[in-house]
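**Q** Below is the structure I would like to discuss, written out as C-alpha cells.
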Amino acid sequence: MNDTFSHIPVMHDTVLQLLQPAAGESVLDVTVGLGGHSASFSDAIGSSGKLIVLDADKSNLDRALSKLSNHPAPVAFHQINFLHMGELSLPSVDIIFADLGLSSPHIDDPARGFTFRAEGPLDLRYDQSSGRNAMQWIEEADEEDLAQAFRSYGELYKEARRLASVLAGKRFETTTMLRDAVEKAFGFRAKQILPQVFQALRIAVNDELLAVEALLNVGSSLLNPGGRMGILSYHSLEDRLVKHAFRALTAPKKNPVTGKISREADFELVTKKALVPSDGEIAANQRSRSAKFRVIKRKS
C-alpha cells in the first residue's frame, strides 16, 4: 500500500537513544500512527522480539501494518483507543511508547475535519466508526458543558462563555461553518482563537486526557524490570499530566511522621526535564515544534 501522506517521525533519533530498544525485547506502541517509530523499534528488536501496536484509526493501522510487514519483528495489533487498553489482556513489555500528536492524514485530509483551514465534515474523531463526531457533540452539549470544554481543553478562559453562547444548540455540519461562526463572533481575534477551539473539540470528542491518564496508570503496571516508558506530548495539558505522573511514580514513599524514606520508588526518571526537538528538526518538520518527550524506567 502506498502512503500518499508525508510522514516524518517526531524526535526519531532521540526516542531511540533514550528508549534503547534491543534485540529480543518487546515493545508496545499505543499510537502506531503510520508506523514510523515502530518500524525503527522493529529493526532494533529483530525477529526475536515482539511488537504490539494499537491505534484507534483503522486507516492508520492498515497503513502501519503494511509498512511493518517489511520489518523483522512479529506484530500483534489492536484497533482500539488506548483509553481502553486496560480492557486488553496485554503482556508485560520492555518498552511502552506513545506519540500523542496528530498523524499526517488527520491534518492533511480535509475529510477528517481536524483543520479549520480547509472545508470538510466537522468530525474530529480518530475512530470514525464509533462515538459522536464534533458536529453532534456541539449540537447535544449544553452551554455550560461547552464553556467548560473551551476553558479546560482549549485554555480559552476569557472567551469560553461567549463561545458557548454562540455555538450551543446549533448544528455545524462543516469545519468552515464553525470557522465562520467564530469569525463572526470574534472578528480579527478569531485567527488566534480557532486553533484552540478545534483543540478543545478534538480532546472532548476523543476523551484524550482520560486516555493519557489510562496510559499512565495501566502502562506503568505493564513494564518489566528495567523497562522504559516514553511519551511525546504536544500541548501543556498532556505534558502536565505526564510530568506529574512520572514525578509521583519516581518519588520514594516517606514516613508521614519522621519524613524518612520508608520505601524506594519503583521507577526512576530518565529525563530530568522534558526534551524538545532541535532547531534543525523543527526546520525540517514544523509539526514537531511543540513536542516534549519524557521517559521513565522501572528499576531492575
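**Q** Just the number, please: Stokes-Einstein D of the stretch 13-160 in µm²/s, Kirkwood Rh from C-alpha pairs, 25 °C, 0.890 mPa s.
**A** 144 µm²/s
**Q** Which shape class, rounded, prolate or oblate, goes with the stretch 101-214 when its Cα gyration tensor gives a ≥ b ≥ c as root eigenvalues, a/c under 1.5 marks rounded, and past that a/b bigger than b/c marks prolate?
**A** rounded
**Q** Per residue, how much accessible area does the stretch 156-300 show when a 1.4 Å probe rolls over the protein heavy atoms, in square angstrom?
**A** Heavy-atom accessible area per residue stands at 52 Å².
**Q** Can you classify the stretch 206-287 as rounded, prolate or oblate using the Cα gyration tensor, where a ≥ b ≥ c are the square roots of its eigenvalues, rounded means a/c under 1.5, and otherwise it's prolate if a/b beats b/c and oblate if not?
**A** It is prolate, given that a/c is not under 1.5 and a/b is the larger ratio.
**Q** As I understand it, the dipole of the stretch 1-102 uses +1 on the Cβ of Lys and Arg and -1 on the Cβ of Asp and Glu, about the Cα centre. Which of Gly36, Leu102, Leu18 lies farthest toward its positive end?
**A** Gly36
**Q** Please give the per residue volume of the convex hull enclosing the alpha carbon atoms of the stretch 147-212, rounded to a whole number of Å³.
**A** Hull volume over Cα atoms, normalised by residue count, gives 83 Å³.
**Q** Right, here's the next one. Leaving ligands and nucleic acids out of the surface, order Arg125, Arg161 by accessible area at 1.4 Å, largest first.
**A** If we order Arg125, Arg161 from most to least accessible, we get Arg161, Arg125.
**Q** Please work out the Kirkwood hydrodynamic radius for the chain, using every pair of different C-alpha atoms, and report it in angstroms with one decimal place.
**A** With all distinct Cα pairs of the chain included, I get 20.4 Å.
**Q** So, with a 1.4 angstrom probe, what is the percent of accessible area on the stretch 91-207 that is carbon and sulfur?
**A** 47 percent
**Q** Between Ala23 and Thr250, what FRET efficiency follows from the Cβ-Cβ distance if R0 is 35 Å, with the result rounded to 0.05?
**A** According to the calculation, E is roughly 0.80.
**Q** Counting helices only, and only those DSSP H runs with n ≥ 4, report the 222 nm mean residue ellipticity of the chain as the sum of -39,500 (n - 2.57) divided by its residues, in deg cm²/dmol to the nearest 500.
**A** Calculated from helices alone, the mean residue ellipticity at 222 nm is -12000 deg cm²/dmol.
**Q** Here is a further query. Among DSSP bridges having both ends in the chain, what percentage is antiparallel? Round to the nearest 5.
**A** Taking every DSSP beta bridge within the chain, about 40 percent pair in antiparallel fashion.
**Q** Taking each full run of DSSP H in the chain as one helix, which ones are at least 20 Å long along their axis (Cα atoms) and have mean Kyte-Doolittle hydropathy of at least -0.5?
**A** 190-206, 208-222
**Q** Then there's this: Of Tyr234, Asn255, Ala190, which is farthest along the charge dipole of the chain in the positive direction, counting Lys and Arg as +1 and Asp and Glu as -1 at C-beta?
**A** Farthest towards the positive end: Asn255.
**Q** Just the ratio, please: alpha-carbon radius of gyration of the stretch 54-106 over 2.2 N^0.38 Å, N its number of residues.
**A** Compared with the compact-globule rule of thumb, the stretch 54-106 sits at 1.19.
**Q** Give Lys67/Lys297; Lys67/Lys292; Lys158/Lys184; Lys253/Lys299; Lys273/Lys297 a once-over and call out the pairs whose C-alpha atoms are over 20 Å from each other.
**A** Lys67/Lys297; Lys67/Lys292, as the Cα separations exceed 20 Å there.
The values are calculated or read from the model by the stated rules, or taken from the named source; none is laboratory data. The shown structure was predicted, so the numbers you read here are calculated from the model rather than taken from an experiment. Because the Cβ atoms are built from the backbone with ideal geometry, glycine has one as well, and the counts that use them run over all protein chains shown. With ligands, DNA and RNA removed, areas are computed over all heavy atoms of the protein, side chains included. Shrake-Rupley method; radii C 1.70, N 1.55, O 1.52, S 1.80 Å.
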